[in-house]
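The values are calculated or read from the model by the stated rules, or taken from the named source; none is laboratory data. Since we're looking at a predicted model, the values are computed, not measured. Quick reminder, even Gly has a Cβ in these numbers, built from the backbone with ideal geometry, and neighbours come from all protein chains shown.
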Amino acid sequence: MRDIITKHFKSVFEAELLEEIIKIGEIKTYPKDTLLMDFGEYMRHMPLIIDGAIKISRIDKNNDELFLYFLKRGQSCAMTLSYFIGHHKSEIKAVSETETSMVLLPVDQIEIWISKYKSWRKFVFENYHERFIELLDTIDTIAFSNTSERLLHYLSNKAKVNKSNTIKITHQEIAFDLNTSRVVISRLLKTLEQEGEIKLERNKIYILSK
DNA sequence: TCATTAACACGGG
DNA sequence: CCCGTGTTAATGA
């Protein structure tokens, strides 16, 4: 516990805060595809990601999903970080994309530490900023790109967090994430394959380009 | 033009 | 046989 937290956050948090995290925090490892937080649930803990990746999605009234971004090592969830501002229910859904380890901290600590530790303030605001930029990036591909570019954006993100150029996924799952139809994904993937960007197999996509 | 929905055939496991 | 895939046709934005 001490070793893991020191190793990952030594350069981020001051010594006193590290001690508090070691005392209060709880290290958890979840297998791939675990529902960590559902839309509308109350947030009780905030995660500091140690390893792995978490897929963050938005859900609309019809229960349709829309992929937003991945949380990676060293990052935290902007949704829970805003807990102290007053919105206590989650606006997003979080599912582990790979096996993911994290330090869980009670949400009440967020506010306490903000007034107590400079490094924590910096961490909270930087994380907020990063998530915001990532969100803009995703919005850009939705608003200004065609679906093909959006698909590539999605695939390269996916390849990055899985640390592999082979993605294990079905066309239907991609369609759910991008909130479009399977026909479109199949057609676009086929085109990308013909263009030499990817190679297709059943349940698998190989990314050839960078 | 490009997306959606429905429908169908193919084939691997 | 079931599921994922590739494709087409009709319709719409």
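Some notes on this structure:
- Wholly within segment A:81-196, helices (runs of 4 or more DSSP H) carrying at least 2 residues that are over 16 Å from the mean Cα position of the chain (by Cα), at pLDDT below 95 and more than 16 Å from DNA strand C (Cβ to nearest atom): A:108-116, A:118-144, A:147-161
- Enumeration of residues in segment A:40-77 that are surrounded by fewer than 21 Cβ atoms within 10 Å (Cβ to Cβ) and among the small types (Gly, Ala, Ser): A:40, A:57, A:74
- Selected residue (only one of A:150, A:187 is loosely packed, with under 15 Cβ neighbours inside 10 Å and among the basic types (Lys, Arg)): A:187
- Taking segment A:119-169 as the range and being in contact with a Phe, Trp or Tyr (Cβ under 9 Å, 6 or more places away or on another chain) and of a type in the set (A, V, I, L, M, F, W, C) as the test, the residues that pass are A:120, A:123, A:124, A:135, A:161, A:167.
- Note on segment A:74-108: among residues that are touching a Ser or Thr at 6+ places or on another chain (Cβ under 9 Å) and among the charged types (D, E, K, R), the one that is nearest to residue A:32 (Cα to Cα) is A:99.
- Applying the criterion of being touching a residue at least 24 places away in the same chain (Cβ under 8 Å) and within 14 Å of DNA strand B (Cβ to nearest atom) to the residues of segment A:152-167, the residue that is nearest to residue A:72 (Cα to Cα) is A:154.
- Taken over segment A:57-81, the criterion of being polar (S, T, N, Q), over 20 Å from residue A:162 (Cβ atoms) and touching a residue at least 24 places away in the same chain (Cβ under 8 Å) is satisfied by A:76, A:80.
- Residue among A:101, A:181 that alone is small (Gly, Ala, Ser) and within 28 Å of residue A:8 (Cβ to Cβ): A:101
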